[in-house]
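What follows is calculated from the coordinates using simple rules that are stated; it is not laboratory data. A quick note: this is a predicted structure, and the numbers were derived from the prediction, not measured. Reconstructed Cβ throughout: ideal geometry from the backbone, glycine too, with neighbour counts over all protein chains shown.
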Amino acid sequence: MMKILHINTERTWRGGEQQTLYLLRSLKERHVNCHLACQPGSPMAERAVAAGVDVIPIAMHGEADVLAGLRLNRLIRTQHYDIVHAHTSHAHTLAFMASIGANICRLVTRRVDFTIFRNRFLPLNGIKYRYMADYYIAISHKIKAVMVADGIAADRIFVVHSGIDLDRFETAAGDHLIAEFNLGTDTPVIINVAHLAGHKGQRFLVRAIPHVLQVIPEARFFIIGEGELMAELQALAGSLGINQALTFTGFRTDVGAFYDIADVFVMSSIQEGLGTAMLDALALGKPVVATNAGGIPEIIKDGETGRLVEAGNPRALADGIIQMLTHRDNAQKMARRGQALVKKHFSIEAMVEKNLAVYNRLLATDNSG
């Protein structure tokens, strides 16, 4: 029976942590023996404990934390794990340090489509990715392609798409938002749900809004999330004179309510591993306009499951939104096809089964060697 140590070094809660928890919770239900090493007091630790996962709190101060590496090494030697599965970039390095002298398979999940040489000393990161893990899981074929282009052997990379809770927002109601934001019953609502960061491309969405308003002046836009670009994006909206049409909500606990009232979901990223917020929208049967960045085209086929437009192009985003709002029947047909795709291929269950298939393959390879 396999035994796996998972490592997540994040102190905050984002999509990667949600995916890690989905995986751990489902592996527990399948009676797979797993432990999670994560930051003490972090959301990851708290939510994993609440889900009944065996959590080992270890303070990890960056990827060069020798003390954390030694503690993890001691853990690996005493618990005799078969696989150490790192879920973050820092965990990748720590897992290598911890595995020195141990007979264990090192697996790393990569969730971003950035080159591995981004903002790094080229030789050092090349060493890290080529020699400090045995295998990788990429959450999209695009990420795998980037890694192969960066020199990682294709046969060391498995593709396992992220999965979503198909019922997460199923019962969410957005009635209270109508009054909160003074929306009319027929007001077209367009939403973007993402961290406010450069690669999420919200600046292109903001610049697209005036073009949409020229055709559909009553449209209302909501950018839901927080991040380092909040002030910059608000200033841009002000300079374009669209503050009446665009609301930056910041962090909200009722994200599902915004999905409920949305007529169109927009994914404006210029780089994107896959895009689980978009999957959430499709699961609810919402029309999607998305860019051709990263792994997004693996979900959105233009004219079939949504509108796929050029990344970094405000006019293209605007045209996609306008088409969805002015051709409602066609938009709904695309949304239904997208919904069927997500339910079949992007559920938590599908993600977990594919991870399990990777684990079993690695163990079979190890045993045959």
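Here are some notes:
- Pairs beyond 32 Å (Cα-Cα), from Lys144/Lys343; Lys3/Lys200; Lys3/Lys301; Lys28/Lys333: Lys3/Lys200; Lys3/Lys301; Lys28/Lys333
- Charge tally around His176: other residues with Cβ under 12 Å, Lys/Arg +1 each, Asp/Glu -1 each, net -3.
- Selection among Thr276, Val288, Val108 by position relative to the dipole of the chain gives Val108 as farthest towards the positive end (Cβ unit charges, Cα centre).
- Footprinting exposure proxy for Asp263, Asp165 (fewest neighbouring C-beta atoms within 10 Å first): Asp165, Asp263
- Computed extension gain for Thr185 through Met1, at 0.36 nm per residue and net of the alpha carbon distance, reaches 60.6 nm.
- Helix 314-326 vs. the chain, principal-axis angle (Cα, 0 to 90°, nearest 10): 70 degrees
- For the chain, the longest principal axis of the C-alpha atoms and the axis of helix 66-79 are separated by about 70°.
- Proximity of backbone amide H atoms, modeled 1.01 Å from N, is registered between Leu246 and Phe221 at under 5 Å, excluding neighbours fewer than 5 places apart on the same chain.
- Relative contact order of the chain, pairs being alpha-carbon contacts under 8 Å that are 6 or more residues apart, as %: 14 percent
- Between the Cα long axis of helix 328-345 and the first principal axis of the chain there is an angle of about 10°, rounded to the nearest 10.
- Between the alpha-carbon centres of the stretch 344-366 and the stretch 163-192 there is a gap of 34 Å.
- Under-5 Å amide H pairs with Lys3, H placed in peptide plane, nonlocal only: Asp82, Ile83
- Whole-angstrom gap from the stretch 198-265 to the stretch 1-67, using each part's C-alpha centre: 33 Å
- Computed [θ] at 222 nm, deg cm²/dmol, the chain (DSSP H ≥ 4; -39,500 (n - 2.57); rounded to nearest 500): -14000 deg cm²/dmol
- Charged neighbours of Thr20, selected by a Cβ distance under 11 Å, balance to +2 (K, R count +1; D, E count -1).
- FRET efficiency estimate (nearest 0.05) - Cβ-Cβ, Thr115 to His195, R0 22 angstrom: 0.65
- Electrostatic bookkeeping for Lys286 treats Lys and Arg as +1 and Asp and Glu as -1; over the other residues with beta carbon under 11 Å from its beta carbon, the sum is -2.
- Inter-site label distance for Gln214 and Lys333 at 7 Å from Cα along Cβ, in nm: 2.8 nm
- Derived scalar couplings ³J(HN,Hα) [the stretch 127-141; Karplus, 6.51 cos²θ - 1.76 cosθ + 1.60; whole Hz; x for Gly, Pro]: 4, 4, 7, 7, 10, 9, 8, 8, 9, 10, 10, 9, 7, 7, 5
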